[in-house]
Every structure is written in structure tokens, then in C-alpha cells.
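Single-structure report; data block below.
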Amino acid sequence: MLTIHIAPYGAFRTLLLCAALLLGLATVRPALGAPQDEQRQVTQQEYTLFNEAKRHAERKNFAKADEILNRYFTGDTRRRHLFGYELYSYVLLQIGGEPAIAKAVRILEEGTAAYPGNSGLLLNLGTAYAQSGQPLKAAETYLKAYEQEGRTNHSLVFSAAVLLADAGKPGEAYEALSPLKDLPEARDDWFVLLGQCALRMKKPRQAAEVVRTGLQRYPEHTNLWRILGHAHMQEGNREQAAAAFGVAHKLTPASEEEQRQLASLYSSVGAPIMGKEALGQAPATAQLLDHLAFGLARTGDLTGALDKAQQALAMEPTAERRFRKGQILLRMRRMDEARQVFSGLATEKGRWQGKAQWALCIIAWQEGDWQAAKSALEVAAQSDATIRKRALRLMALLETVTTRPQ
């Protein structure tokens, strides 16, 4: 039997065409007058034509094989032999390109109608659909072939699941593949795909559960650990995410981008030392420096936090980074420097104006300058609706302080 089917292995959304020219023509003998059913042997004329086309196909002269088989499919109006469909579909799929693939689809649709119980033709038709940009039809055809083969060729289900996921149907992909995850022969990439589909469905708990099942069998699979990290991130469990990403980082050398992401994650959960270790020699980005500043400030290393905040600000100046620098200076009680930062932001329209006025109020409050604190709150209440209620409550308190008889 000549069968061609896709059997994806490895990266998500990657489809690999596995073509095998299983032309058992040596076992096919001409038998004139044989019955016209699926089991019939080829006629003498068919045998000669198939044998010639086979020789050209084996030499990769597919254009010549196409020419020969095209005569058979255009000149013979009888019920064509099963082997003709198998051989011609193989040749057309090897030729590739839109015209050949479209013709392969037409030939195979005719063949599966003539031989509805033949799973080999369904496999080739699934491949033709996939190559012609019809992933949903391809997936449906692979699943039909899987049923016809007695549910033994599980790679067909995986192929169908990849196609469904690639077509934006992660739920259907998960539903198709999930029943196979408990089989003894379940492969690592099955769990990878299931985890990714669950994440795309915004079901992090389901993703974590299926990935943990996979890790019981494949404990050193880097991608499974990474998917587990993403599942924890979706749930908001940054500490657990950092732990999972850390295992993946140790198993497989990470790219510079992955190193930065892991360093940022460590820093964002208050582990800046681990963040620095994860970063290694990879150049820092402004975003990573933001996270490092946050992590260092969280652990009380305000000097280190200020250094990272200033580096980020120099690399990519933004109002948010200026505000962050001011906050660190305020915590360090370097009031004059903090006031200078916040005063500049307070004159600029935007989301940080009101926050800067609030910060100036805090500085004045800590210094005991009630009138300056009240003035800053009045501006903050007018410029930032999100802090207006708090500002008004505090203004009422300051009013009693500033109007109290001396």
C-alpha cells in the first residue's frame, strides 16, 4: 500500500510531511479478466503502465511519472485500480505546487469514493488537504482514517490535533488528543501540545495538570517545564512559575532572550540575586533593569535598586522610570533629590502628574510642612481622578491642622 501522511514531531505548529514510497508492485501480477473489485489484480495494460511510472518515480523523475499516469486517469473510464490512486497521489504530492496538489485532492476524493474502506487513500487525502491549505478537512480525514485502521495508528490523532490547533481550534485539538495521554506509548510532544492548547483556551489549571502527567514520564523535558511555568504565570503564581522556568533553564541552555525573561521573573518576585545569576552574560534590557530595581528594593537594597533604576532610565527614558527613581529616593529619605524628580513630573500632563503631586504631598508631610502638603493635595485632586477621594480625605485632615489656633 502506498501511504503518505503527516506525522508532526517537535515544535508546536510544525507539520512534517513523511512520504514513503511503498510500491509493492512486485507482488502485483497482471490477471486479465479479474473481478472489478478492490481486491482485483491489475490488468496487463495497467501492470505495464504502473511499472513504468514506478521506475520514473523511484528515480525522482516525477514529471515523467505524472505524464504516464495522467494518460491512465484521463483515457480510462473504467473503475480505476486502487494502486493507480495510491501511486498517482504520491507522485502529485511529491511534485507539489498548487496545480499538482489541487489535482491530488481531486484524484484522492475520487479514489476514496470508489474505495471507501481504504485507509491509505484517506491518509494521502489528509496530506493533500493539509498542503492545499484546508487544515480542518485534513484533520477530519485523519481522524476518519484512524477509525478505519482500528484506532491503532495514534500518530494520526496527533497529526489531526496539530492541524486543529494550527487552524485556531485548540479546544477541538485538546478533545481529540486528550484520550490518548494515558496510553503507555504516549509521547512527550503529545503532552506539549495538550499543555499549549489548554493555555490557549485560558485554562492554566488544566494545562498544569496535563503537563505534570507528562513530567512523570519525561521529567527532563525542557518544554514541559516551560509550559508549566506559563501555566503558573496565567494563574498569577509567579513564585511557582519562576521555579518551573528555573528547572527548564538548568536542563537546556537558554537563549539571551529567555535568560532575560527568567531574570525579570526572579526579580519581580523579590529574588534579584537569582535574577542576576539567570541573566549570566546576556545584556540587560531596560525592562529587565526595571525588574531588578523592583526586586532589590523589595529586599531592602535601595542603593542597588537606585543604580538599576538609573540605568533603565538612561537606557530608555520614560515618565514611569523617573517616578520609580523618585520613589526609591523617597524611601532612602533623600528628600531634596526626590522632590526635584517629582516636581518635574508634576508640571507634565499625563498619568504621572497626579501621582507626582501626591508624592510631593508625602514629602511635605514627612517634613512637617502642612501648608505645602495641602497645596500639593489640591493639585493632585484636580489632576488625577483615581486619587481624588483619598486626596480630599487627607485635605480635610490637613485643614484641621493648618487652621488650628497657634
Quiz item: Taking neighbour counts of Cβ atoms within 10 Å as a proxy for exposure, in what order, fewest first, do L93, L228 appear?
Solution: L93, L228
Quiz prompt | Label zone at T74, where the point sits 7 Å out along the Cα-to-Cβ direction: segment 44-66 residues whose backbone N lies under 16 Å | solution = 63-66
Self-check item: R106 versus A314: modelled label distance in nm, points set 7 Å from Cα along the beta carbon direction
Solution: 6.9 nm
Quiz item: What ranking of I227, I328, I101, I362 emerges when the number of other C-beta atoms within 10 Å of each C-beta is taken as an exposure proxy, fewest first?
Solution: I362, I101, I328, I227
Quiz item: Over segment 195-252, what number does the Rg to Rh ratio reach, with both radii from the alpha-carbon atoms and Rh per Kirkwood?
Solution: 0.94
Quiz item: Tell me, how many Å apart are the Cα centres for segment 52-89 and for segment 330-358?
Solution: 79 Å
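All of the numbers you see were taken from the coordinates with simple rules; none came from a lab. Bear in mind the structure is a predicted one, so any value in this text is a computation, not a measurement. Note that we place each Cβ from the backbone using ideal geometry, even for glycine, and neighbour counts take in every protein chain shown.
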